[in-house]
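The values are calculated or read from the model by the stated rules, or taken from the named source; none is laboratory data. Bear in mind that the values here come from a model prediction, so they are computed numbers and not experimental data. Note: ideal-geometry Cβ built from the backbone for every residue, glycine included; neighbour counts use all protein chains shown. With ligands, DNA and RNA removed, areas are computed over all heavy atoms of the protein, side chains included. Shrake-Rupley method; radii C 1.70, N 1.55, O 1.52, S 1.80 Å.
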Amino acid sequence: MSEAEQAPASAPEAAAAAVLEALNATDSNGTEALNATAKFVATPEGTALAYGSLVFMALLPIFFGALRSVTCSKSKNAADMPETITSRDAARFPIIASCTLFGLYLFFKVFSQEYINLLLSVYFFALGVLALSHTMSPLMTKVFPASFPNKQYQLLFTQGTGESKEEIVNYEFDTKNLVCLLISSVVGVWYLLKKHWIANNLFGLAFALNGVELLHLNNVSTGCILLGGLFVYDVFWVFGTNVMVTVAKSFEAPIKLVFPQDLLEKGLEASNFAMLGLGDIVIPGIFIALLLRFDVSLKKNSRTYFYSSFLAYIFGLGLTIFVMHTFKHAQPALLYLVPACVGFPVIVALFKGELTEMFSWWWAIQTKVTFT
């Protein structure tokens, strides 16, 4: 499975889109993906706990990110508006990801790995704080009592004066957002200083949820183009070269979920990790979120396509783990996830006679949707 894979209209979108590109550029998915250090022999209990925890963690951002993707486009705050991926973007994405991947490979060959990872740590620290803060914000709104003195703030940067004045940054936030930012900063400092796996996972889950929530495919055809292109990308760079595995081994950033296989023996200080790249969560996740929005648009009080694709993801992820664990060899996760996540909903649409409707439907930000 992949070890590591995924601009800037707003802070949350920057954390989502920038990470998505990095995720796919470093989608290792090689032998390290779900295997611990070669010298360590995990117990069956430890292996089962690690794999099960990774699957559970992968499902959380897909499920909740998909739900939030339905409502985020109705937000009046420009900072929370989603970024739409068109068919042209989807077609170019595997090429851009390949160039980025090979560029990182050359960087790690030419320059010191230590300094590159230092820069990456600072970069992902900033993105992680923003992503985790945005993820926590709805929860904080429910946690704080109504009597909490929640003051409104506005961060405004302008250029020029008088009639020629132009807005550069206009961001509105409140006291609750500042509390979220403070908590996220504490997690960020913890990650920078200790690189602890729990801090890594908090950032990773936030990146994945923001990606699924804020990156919107405009239609099912675009989703098929994106997943199909990254299917070829994943298979080529894993089976065809050692570039992806080399970069993933060198790339130190919270763009993968990890869980120790020796947790039962060493507790929180365990160090032999099973890993799952965020790209194997976000890429299928944004397609699953699209199908949920399609379900909502049908106004049939049904979530058939969402649940069928969600179950397909579980099946594809489980199959990836089984094949890799059985053959002890690198497996591109998208090799199994893409056919499952696309094939299951298409079969359902064929049986329901809605295939043409599904592929002709477009999601627009202006679309008004409600849960029934």
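For region 166-194, which residues satisfy the criterion of being part of a strand (DSSP E or B) and either within 11 Å of L130 (Cα to Cα) or modelled with pLDDT of 95 or more (or both)? Walk me through how you get there before you give the answer.
Taking region 166-194 first, the residues part of a strand (DSSP E or B) are 166-174.
Within region 166-194, none qualify.
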Hey, F259 closer than 20 Å to L319 by Cα, not in a helix (DSSP H, G or I) and not aliphatic (A, V, I, L, M) or not: yes
Positions within region 152-173 being open to solvent by less than 80 Å² (accessible area, probe 1.4 Å) and either touching a Ser or Thr at 6+ places or on another chain (Cβ under 7 Å) or on the phi > 0 side of the Ramachandran plot (or both), in sequence order: G160, G162
Index of the failed condition, L127 passing every other in (1) buried (at least 17 other Cβ atoms within 10 Å of the Cβ); (2) farther than 23 Å from L192 by Cα; (3) modelled with pLDDT of 90 or more: (2)
Out of V212, V235, sole residue that is more than 30 Å from L268 (Cα to Cα), within 24 Å of the chain's Cα centre (by Cα) and open to solvent by less than 60 Å² (accessible area, probe 1.4 Å): V235
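So that you can scan it fast, the table gives a plain yes or no per residue for (1) in a loop (DSSP other than H, G, I, E, B); (2) modelled with pLDDT of 95 or more:
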position: L276; (1), (2): no, no
position: D280; (1), (2): no, no
position: I286; (1), (2): no, yes
position: S297; (1), (2): no, no
position: S302; (1), (2): yes, no
position: T320; (1), (2): no, no
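Listed here are the residues, each with its yes/no results for (1) open to solvent by 50 Å² or more (accessible area, probe 1.4 Å); (2) at pLDDT below 75; (3) touching a Cys at 6+ places or on another chain (Cβ under 9 Å).
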site	(1), (2), (3)
L34	no, yes, no
E45	yes, no, no
F56	yes, no, no
L59	no, no, no
F63	yes, no, no
C72	no, no, no
Any hit, region 250-264, residues being surrounded by fewer than 21 Cβ atoms within 10 Å (Cβ to Cβ), among the hydroxyl-bearing types (S, T, Y) and either in contact with a helix residue (DSSP H, G or I) (Cβ under 7 Å, 6 or more places away or on another chain) or at negative phi (or both): yes
Residues located in region 81-101, provided they are open to solvent by 30 Å² or more (accessible area, probe 1.4 Å) and assigned to a strand (DSSP E or B): E83, T84
